[in-house]
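Taking it in order: structure first as structure tokens, then the write-up.
The values are calculated or read from the model by the stated rules, or taken from the named source; none is laboratory data. Only a predicted model underlies this, so the values are computations on that prediction, with no experimental measurement involved. As a convention, Cβ positions derive from the backbone with ideal geometry for all residues, glycine included, and neighbour counts pool all protein chains shown. The accessibility values were calculated without ligands, DNA or RNA, using every heavy atom of the protein model including side chains. Shrake-Rupley method; radii C 1.70, N 1.55, O 1.52, S 1.80 Å.
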Amino acid sequence: MQLDDSAEFKRFDRKLTKELLWLYILSILKKKNMHAYALRSAIQKKFGFLPGNVTAYVVLYKLQSRNFVKKKASGNRVIYSITQKGKGLLKDAKNYLEKRIRLIF
């Protein structure tokens with residue numbers, strides 16, 4: 001059995017990807033504003049997993065309700081962008097992850 005086939009590793013992967021979707025969304029939006037469908041595709045291309053369609057919208061809604069992202073109508077699409085508060089959250093998350101990695105390894 002390879003390590004990445006274990007239940008522990010699969011759970012680890014799920015927790016670091018789909019369960020932290022907000023982190024990936026903010027990371028993408030930091031570089032470019034985009035609509036939800038394009039955002040999902042960008043996550044798949046850059047990070048190697050495709051979040052569920054409904055899940056992405058739920059996370060975007062929660063991020064917007066907490067002022068980490070904002071939305072703007074552009075024709076028949078809604079374009080999302082990261083706010084200063086969202087950039088701060090992303091920076092805090094990076095610092096936290098770096099600290100945890102140093103502690104663990």
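Looking at segment 50-84, the trypsin sites (Lys or Arg not before Pro) that sit in a DSSP loop and have at most 13 other Cβ atoms within 10 Å of their own Cβ are Arg66. Checking the a/c ratio against 1.5 first, then a/b against b/c, what shape does the Cα gyration tensor give for segment 53-101? Prolate. Result for the chain in a Gaussian network model with C-alpha springs under 10 Å: among Asn76, Asn33, Asn67, the largest mean-square fluctuation is at Asn76. Highest mobility in the GNM of the chain, judged by mean-square fluctuation with C-alpha springs under 10 Å and restricted to Tyr80, Tyr24, Tyr61, is found for Tyr61. Computed with a 1.4 Å probe over protein heavy atoms only, the accessible surface of segment 1-94 comes to 69 Å² per residue.
The relative contact order of the chain comes to 25 percent, based on Cα pairs under 8 Å that sit 6 or more residues apart. Be a star and scan segment 14-47 for residues whose amide nitrogen sits under 19 Å from the point 7 Å along the Cα-to-Cβ vector of Ile104. In segment 14-47, the label zone of Ile104 (backbone N under 19 Å from the point 7 Å along Cα→Cβ) covers 14-25, 47.
A convex hull fitted around the alpha carbon atoms of the chain yields 114 Å³ per residue.
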